[in-house]
Amino acid sequence: MSCDPISVPDTPADIDVHGEILGFVLPDTVQVNSEVVVQISTVNPCGVVSTRVAQFDDTTGTGITRVFVPFFHVDPGGSCPDQGTTTSVAESLAYSSVGVQTVAASGDETRGELGFYTQNVLVVPSFTHAPVFHLHFQFLDERGNPRPSYPTSMHFTNRPGVSSDPFPIVADDSGIWDTTFTDTIGSIHYTIATAHFTARRGITENGMIIQ
């Protein structure tokens, strides 16, 4: 993947640039009027000063309720010690009505081009949180096609009593990797491939890894 920034229309060149989508995670199910945390993992461009996520309403009639776009503010004359490393950014929203909502993450301002990915979240009146961690990931190429039997690695960074060393994981024939585990802490930081995320106990985290 390229680490070169993509200029944003109507902004000074190399000042505000889109982030490239490496990973995209959101809850499978949430309670109405509760926080929906959207996590995006992206690549640092040269000269990055700060990172933010912008939210846009989708008005194209496709059923997408919100589009999230990571942006970098960069210093054109800055150094590049972090270029090519990854950063995770998170933003949240809440839905006031029940039903399936479609959320998108975009690393490109043009719909339908590479870097536009969608996921669904089910909004319900209430539900019981199982006391487990559940990670469900789809591995994709940059065009959004599944990557069957994709091999990569995962590691935890703050799980007590568990090594932080990477260990291998492999997607199934559909490009899906799914795991459930228990722990006493409320949230766990983890990395899959080069994408960093936080899992919360009792929440099924649906994710995409784009490689």
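The values are calculated or read from the model by the stated rules, or taken from the named source; none is laboratory data. Remember, it's a predicted structure, so these values are computed and weren't measured experimentally. Note that we place each Cβ from the backbone using ideal geometry, even for glycine, and neighbour counts take in every protein chain shown.
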Residue within segment 64-79 that is in contact with an Asp or Glu (Cβ under 6 Å, 6 or more places away or on another chain), over 19 Å from ILE209 (Cα atoms) and at pLDDT below 75 present: yes
Cβ pairs under 6 Å, 6+ apart, first in segment 32-55 and more than 12 Å from ILE21 (Cβ to Cβ), second among the β-branched types (Val, Ile, Thr) and assigned to a loop (DSSP other than H, G, I, E, B): VAL32/VAL98; ASN44/THR85
